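Below is one structure, written out as structure tokens, with a few remarks after it.
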Amino acid sequence: MPVLVIGATSQIGHFLLPRLAAGGDGVLALSRHPRPARAGVQWLQGQLPGPMPELPPLRAVASFAPLDTLAQWLSGLQSAPAPRVVATSSMSVLTKRDSAVPAERELIGRLAAGEAELERQCRRLGMAWTVLRPTLIYGAGLDRSLTPIARRAARTRLFPLPAGRGLRQPVHADDLATAVLACIDTGAADGRILALGGGERLPAAEMFARVRLLAALLPGARGPVSRLDRDLVADNAEASAL
């Protein structure tokens, strides 16, 4: 049976689709817009929230869409579309909960509510579920944090580096794709919310130096700059053990 990937054009989806196809799994990839044909992948057009295409029996659902829209879709179903769902949230649920920026607090509230509602809907439908909370994601040039700022800084050729002693733990999107596959294949993380960070922890100033990040001078940077001296890292012990 195929795996349905919601948010297939995301950073994680970029790496997950070929891994699923290479493993012999059928892949149904959901996209808002038509996509070029790809070996081993059947593209479906649709988005959440909104009507979904008719689906065959599924082995699992992997979702990188907003959690509240995923839960909203499930809330309209009378039977489980798959035995298991693996979805992504964000470590921001923990690291930004005391943010001084109202928009960030609103986002965190939405994430936390989405996690809770997803669990509730999965229990109602009898689905196994796992939520992954990654740290800062990189690797495909599709992120909305480091990459756009780095590109702008490259155009201006001005790279002031804000000081910061807090640790950062960027995680590669392909590592997250591997984690999603492990959750689907083993079921070891069923019913869990797992923090996932990269294999390296480094001071914020060094991370900014590596990506030539011009955070302090960009619109919307007040929140990130205010956290430069805080550690924004994940404890990988539970995920590694599983």
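The values are calculated or read from the model by the stated rules, or taken from the named source; none is laboratory data. The structure displayed is predicted, hence computed values, not measured ones. Methodologically, a virtual Cβ is constructed for each residue, glycine included, from the backbone with ideal geometry; neighbour enumeration extends over all protein chains shown. Ligands, DNA and RNA are stripped out before the accessible areas are found, and what is left, the full protein with its side chains, is counted by its heavy atoms. Shrake-Rupley method; radii C 1.70, N 1.55, O 1.52, S 1.80 Å.
Of all residues in segment 110-166 being open to solvent by less than 20 Å² (accessible area, probe 1.4 Å) and part of a strand (DSSP E or B), which is modelled with the lowest pLDDT?
Restricting to residues being open to solvent by less than 20 Å² (accessible area, probe 1.4 Å) and part of a strand (DSSP E or B), the top hit is Pro134.
With respect to the numbered conditions (1) part of a loop (DSSP other than H, G, I, E, B); (2) touching a helix residue (DSSP H, G or I) at 6+ places or on another chain (Cβ under 9 Å); (3) open to solvent by 40 Å² or more (accessible area, probe 1.4 Å), which one is the sole condition not fulfilled by His14?
Just one mismatch for His14, condition (1).
Taking into account only those residues within segment 42-66 that are among the polar types (S, T, N, Q) and assigned to a strand (DSSP E or B), which is modelled with the lowest pLDDT?
Checked segment 42-66; the qualifying residue modelled with the lowest pLDDT is Gln45.
Taking segment 194-220 only, how many residues are crowded, with 17+ Cβ neighbours inside 10 Å, at pLDDT 80 or above and part of a loop (DSSP other than H, G, I, E, B)?
Of the residues in that region, 2 qualify.
List, please: which pairs have Cβ atoms under 6 Å, are six or more places apart or on different chains, and start with a residue in segment 60-81 that is at negative phi and among the polar types (S, T, N, Q) and end with one that is in a helix (DSSP H, G or I) and surrounded by fewer than 23 Cβ atoms within 10 Å (Cβ to Cβ)?
Taking only residues 6 or more apart or on different chains, the pairs are Ser75/Gln121.
How many residues are over 15 Å from Arg59 (Cα atoms) and open to solvent by less than 20 Å² (accessible area, probe 1.4 Å) when one looks only at segment 24-40?
2
Could we say that Val101 is surrounded by fewer than 20 Cβ atoms within 10 Å (Cβ to Cβ) and either closer than 23 Å to Gln169 by Cα or in contact with a Pro (Cβ under 6 Å, 6 or more places away or on another chain) (or both) here?
So Val101 passes the test.
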